[in-house]
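First the structure, in the form of structure tokens, and then the observations on it.
The values are calculated or read from the model by the stated rules, or taken from the named source; none is laboratory data. None of these values were measured; they are calculated from a predicted model. Neighbour counts run over all protein chains shown; Cβ positions are idealised from the backbone, glycine included. Protein only, heavy atoms only, side chains kept; ligands, DNA and RNA dropped before computing areas. Shrake-Rupley method; radii C 1.70, N 1.55, O 1.52, S 1.80 Å.
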Amino acid sequence: MILKNILIKNFRSYYGENRFEFSKGLTLIIGDNGDGKTTFFEALEWLFDTAHDNIPTNNVSEKRKSELTEGDEDEVKVSLVFDHNGEIELEKSFKFFKNENGDIRPHDLKFVGYQNIDSERIVRKGKQLLDECFDTALRRYCLFKGESDLNVFDNSEALKTLVNTFSNIRQFEDYVKLTEQFDADSEKIALRELSKDKKQERAIKDLESRKIQNSTQIQDVKQEIAKKEKAVSDYSISLEKLEQNQETCEQYQNIKKRIEMKMDDQRKLKAMTSIDYNTNLLDKYWIMRSYPAILKEFQDKVSALNKEKRRLDRAETERRAEEKGKRELANDLLNGKTPLPWYVPDEKTMQEMINEEVCKVCGRPAPKGSEPYNFMVAKLNDYLRQMSAKKEDSEDEKPFFPNNYIDELTKLSNQLSGYSQQEIEGKKSEIDDDLAFVLSRKRDLDKINHDIQEAEDEKARLLIQTQGISEDMLDKGFKDFKGITELRSREEGRLIELKRDLIVLFAISNITTLKREQDYPLIFDAPTSSFGELKEYVFYNIIDRIDKQCIIVTKDLLEVDQASGTKRLNAEKLSRLECTVYQINKASGYNPLDLSTIQTIVKPIK
Amino acid sequence: MATEKLYDTWASRNPQWETRYEDLIRSVCDYGKGETSLREARSKLFGAGYELYIIAFFIGLYSNQRRPLTEDNTKRKNFGWAIENWGNIERRNNRRQYPKIREYIFAALIARTDLDFLALEKGDITLRKAVDILITTMEEYANYGFRFIKERTEDNPNWLFNNEKALLEVFLAFDSEECDDDEDDDEPEALD
């Protein structure tokens, strides 16, 4: 069903004939408050109302009424031309005249339709024709009146349903009901269409499947929202509790911080005072504390031994030298002449000459008892004595002290003197210093322990005062305090976003898509009256882009002219839209106290 | 002829102690457990058994008190660790090696042992004999020290365990104590 044009004649502010041509996509009818937006919408509603047969006298243009003189007659007419398997025109009208009392009398209500079949124009009953082309149930999906009064889906509930979907997600449950309504309605349509047209049956099936998809999507979104709401709620509860006990939290944190600092000091002091006195006796040579006296004994003793050994050694050397000197002196001179060496001739030669009684040095006989013979015997004896003395001398060269243990001890003594000795002598003061240090730190530790105990007591008292709040919560909660606030804001922001923009637009878009197969237009009266600029922009962009006939009556896209104070169209915003645009506004000379001055002027813009 | 060093010969020995102190050593040291049972060792005051022996020796030394060991060989034993290893093997956390302690013990024995070092130097006394005498001094000082500790623990079984400074206090007390001088063999040998 594609709307082509509408004629509104003498319908309230629409004085005379006013015609709107609709595009196949979006048609915007822009007007300010009181300019006739809702009247336009209600003219359509009146045309589509097949439930009432009475004549709505108050729909007659006041201006037209005021012009009539007695007996004059005119008509109120709304005529809609649309394509629905051929061109169809629906026309609802009634006549009115002014009687002799000046009263307006309506009569002759007509609701007729004209259907072009095979280039023949057939007159039909309007109601019947309308129901065939545009079922009551479908009309609900197509007419959206206002953001807060969309009497479309359900006479009693629908308004709340869609509009609340726009603005309040808590009413989203109703939207599920709407889905059920869809279900019932589509079943009805399906049954009817089934009997008429197999093609329609397939379309209905497709619609069914889309409906299920949409229901699933709606369910998903609903779950997501429920999750977000739960998160916001959880954070809110935690935050409230913490806010109530913020002071306690701060006190608790102060005490806790104090305890932690003290415990840190305690740990350090414990480490300082943790000394293994037993192993230090060995590892740090503390056991040498009284050793210096012993060391001195050792050094003195070794020194004395060394001295004594040297003395004895020297005495022995002297004795041996004296012995040797004596021997050498005895051998030194004979008859004032230097003798031959004692070993010349040798023992064997001497013995041979004595035995043979011949001096083989001078070649003369030396008979036994003669002087040369006695000389030779004396020479041999000297030789033997020298040999014996030599043997004795070699014995004298043996060391008096063959061992060097005292030297070894002297070396050790030297080794243990100097730096080592100072180290040992320093042990006493080292131990005393260490003990004094530990004692002092232990006093500090006692004080820290006392402070910690006091802080713990203070903490216990605080916890008693704040009954119902665990230490864990005071501890953990406070850490999250800032995080909670931020997270709550974030979650709330996301929820609002979901509520006000995405879900609403998503739902509308889906609805239009859902019905697209049947080619029914969507007609909105001021759907975005409370939308922000961004949301409004998103809304028009979606509507403008979808392959769907939409007619929107709105005051959006108007802006205040700073110079004149009047409202004018926002050319920039309009330029971004590709749709047909009408502007409606009140004719000049409007007087709020005189209804007959109301007239809507319709002006095509693009 | 290169002679063997007196110190090395002494350090290669295993001094003996009386078996009656074995329980004491076991309760205080990680004696007889091997290096693997550190869990138990953590509750002990010392590592190897010789550590308490060293403590006992210095108690005897500073007290200038010697106590001969029983002559019954069946009532004596040694650690199976030669002196040259003492102070080298302790590896528990935070422990340090203390090898120099051996030289200090040796020097103390030289100072306090009645041994004719000149005769040793001349070769009139054998090295082995001299080292025997030094070891005897060592054993007798330690034997006194063991008895000292044991008597304290008999009076108060937790003496060592309830007071972490118990042993240190023994050594601190030597500051003010006059060494007992009632033994004949504690004077250095007259040298002439």
Under 7 Å between Cβ atoms, at least 6 apart or on separate chains: pull out the pairs that start in segment A:1-28 with a residue that is at positive phi and end on any residue that is of a type in the set (Ser, Thr, Tyr) and open to solvent by less than 10 Å² (accessible area, probe 1.4 Å).
A:10/A:61; A:12/A:61
Do we have residue A:197 as acidic (Asp, Glu), at pLDDT 75 or above and open to solvent by 50 Å² or more (accessible area, probe 1.4 Å) here?
no
Among the residues of segment A:587-602, the number that are closer than 15 Å to residue A:32 by Cβ and not in a loop (DSSP other than H, G, I, E, B) is 3
Residues of segment A:103-130 classified as part of a strand (DSSP E or B) and out of contact with any Ser or Thr (no Cβ under 9 Å at 6 or more places or on another chain), total
12
Please give the number of the condition residue B:141 fails out of (1) surrounded by fewer than 22 Cβ atoms within 10 Å (Cβ to Cβ); (2) in contact (Cβ under 8 Å) with a residue 40 or more places away in the chain.
(1)
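Listed here are the residues, each with its yes/no results for (1) within 14 Å of chain B (Cβ to nearest Cβ); (2) in contact (Cβ under 8 Å) with a residue 24 or more places away in the chain.
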residue	(1), (2)
A:247	no, no
A:259	no, yes
A:262	no, yes
A:274	yes, no
A:288	yes, yes
Yes/no for residue A:284 being open to solvent by 30 Å² or more (accessible area, probe 1.4 Å), within 14 Å of another protein chain (Cβ to nearest Cβ) and in contact with a Lys or Arg (Cβ under 9 Å, 6 or more places away or on another chain)
yes
Does residue B:34 meet the test of being more than 12 Å from chain A (Cβ to nearest Cβ), at pLDDT below 85 and surrounded by fewer than 21 Cβ atoms within 10 Å (Cβ to Cβ)?
yes
Within segment A:220-267, which residues are crowded, with 16+ Cβ neighbours inside 10 Å, of a type in the set (A, V, I, L, M, F, W, C) and at pLDDT below 85?
A:221, A:225, A:231, A:232, A:239, A:242, A:249
Considering only segment A:431-464, how many residues are under 26 Å from residue A:252 (Cβ atoms) and touching a helix residue (DSSP H, G or I) at 6+ places or on another chain (Cβ under 9 Å)?
11
All strands (runs of 3 or more DSSP E) inside segment A:5-102 with 3 or more residues being open to solvent by 20 Å² or more (accessible area, probe 1.4 Å):
A:14-21, A:73-83, A:87-98
Restricting segment B:82-111 to residues that are at the interface with another protein chain (Cβ under 7 Å from one of its Cβ atoms) and part of a helix (DSSP H, G or I), the residue that is most open to solvent (accessible area, probe 1.4 Å)
B:103
Answer yes or no as to whether residue A:379 is open to solvent by 40 Å² or more (accessible area, probe 1.4 Å) and of a type in the set (Lys, Arg).
no
Find all pairs meeting these conditions: Cβ atoms under 6 angstrom apart; at least six residues apart or on different chains; first residue within segment B:153-176 and in a helix (DSSP H, G or I); second residue open to solvent by 90 Å² or more (accessible area, probe 1.4 Å).
B:159/B:152
Unique match (being of a type in the set (Lys, Arg), closer than 30 Å to residue B:165 by Cα and open to solvent by 70 Å² or more (accessible area, probe 1.4 Å)) among A:205, A:270:
A:270
Kindly evaluate residue A:549 against the criterion of being modelled with pLDDT under 80 and buried (at least 18 other Cβ atoms within 10 Å of the Cβ).
yes
For the structure I just gave you, tell me whether residue A:368 is among the charged types (D, E, K, R), at pLDDT below 85 and open to solvent by 40 Å² or more (accessible area, probe 1.4 Å).
no
Can you spot a residue in segment B:119-135 that is open to solvent by less than 30 Å² (accessible area, probe 1.4 Å), more than 14 Å from chain A (Cβ to nearest Cβ) and in a loop (DSSP other than H, G, I, E, B)?
no
